[in-house]
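Each reported figure results from applying straightforward, stated rules to the coordinates on display, with no laboratory input. Keep in mind that this is a model prediction, so the values were computed, not measured. Virtual Cβ from ideal backbone geometry, glycine too; neighbours counted across all protein chains shown.
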Amino acid sequence: VPANAAAAAKPAAPAPAATTPAPAVPAAPATAIAGAAHPAAPAASAAGTEREAVQMVEAWAKAWSRKDVKGYLAFYDKEFRAPDGLSRKAWENEREQRVGKPGRIAVEIEKPHAKVDGDVATVRFRQNYESAGFTSSTTKTLELVKRNGSWRIRQERVGG
């Protein structure tokens with residue numbers, strides 16, 4: 001067997017272990033660690049949850065702008081409180097007619113701000129709406145509820 005083949009077949013020797021121990025790092029008191037890390041974790045989590053709520057509202061507006069009636073209605077929770085005392089079915093029929101009618105619709109969300117409290121979020125924003133023959137810009141507030149990991153609209157309020 002050639003010398004270079006024998007060297008290639010022989011496993012490499014492990015590197016010698018370090019004989020100098022790693023310097024000790026003084027441990028911070030447990031209360032300092034818990035006190036410092038604890039407030040940051042909920043804040044980061046809340047910011048992510050608020051971002052999810054805003055992203056859901058933006059997706060809702062896009063479905064509405066695309067005139068995707070089925071997709072648009074899917075953003076509403078099963079316990080959605082329809083305005084003006086309408087039944088859920090009557091409200092859905094009205095929305096299907098308005099969203100599905102011929103012509104362009106553009107819905108834009110401006111300056112959304114979300115506040116999350118557990119499984120409920122409130123998202124307030126300026127809604128700019130434009131369709132053939134109608135344009136509006138108003139403040140809107142959506143109350144969202146988290147169901148099976150997804151935000152759904154439970155109530156809408158216009159103005160104020």
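Worth pointing out:
- The distance between label points at ASP68 and LYS111 comes to 2.9 nm (points 7 Å beyond Cα on the Cα→Cβ vector).
- Only Lys, Arg, Asp and Glu carry charge here, each on its Cβ (+1 for the first two, -1 for the last two); on that basis the stretch 41-114 has a dipole of about 340 debye about its Cα centre.
- Checking the cross-link pairs LYS67/LYS115; LYS78/LYS111; LYS62/LYS101 against a 23 Å limit on the alpha carbon distance flags LYS67/LYS115; LYS78/LYS111 as lying beyond it.
- Inter-label distance for ALA59 and ARG104, nm, one decimal - labels placed 7 Å from Cα along Cα-to-Cβ: 2.6 nm
- Counting Cα-Cα pairs of the stretch 88-160 in 10 Å increments starting at 0 gives whole-percent bin shares of 18, 39, 36, 7, 0.
- Each residue of the stretch 99-114 is assigned a 3J(HN,Hα), and the resulting list reads 6, x, 5, x, x, 6, 10, 10, 10, 10, 9, 10, 6, x, 9, 10 Hz, derived from the Karplus form 6.51 cos²θ - 1.76 cosθ + 1.60 (θ = phi - 60°), x at Gly and Pro.
- In this structure, the amide hydrogen of ARG154, modeled 1.01 Å from its nitrogen in the peptide plane, lies closer than 5 angstrom to those of ASP77, GLU143, LEU144, VAL145, counting only residues at least 5 positions away or on a different chain.
- Sites ARG126 and ALA90 - FRET efficiency at Förster radius 22 Å, r taken between beta-carbons, to 0.05: 0.20
- Straight-distance crosslink candidates among aspartates and glutamates, where the alpha carbon sits under 17 Å from LYS89 and sequence neighbours closer than 8 are dropped: ASP77, GLU79, GLU156
- What the phi angles of the stretch 115-123 give under the Karplus curve with 6.51, -1.76 and 1.60, with θ = phi - 60°, is a coupling list of 10, 10, 9, x, 9, 10, 10, 10, 10 Hz, glycine and proline written as x.
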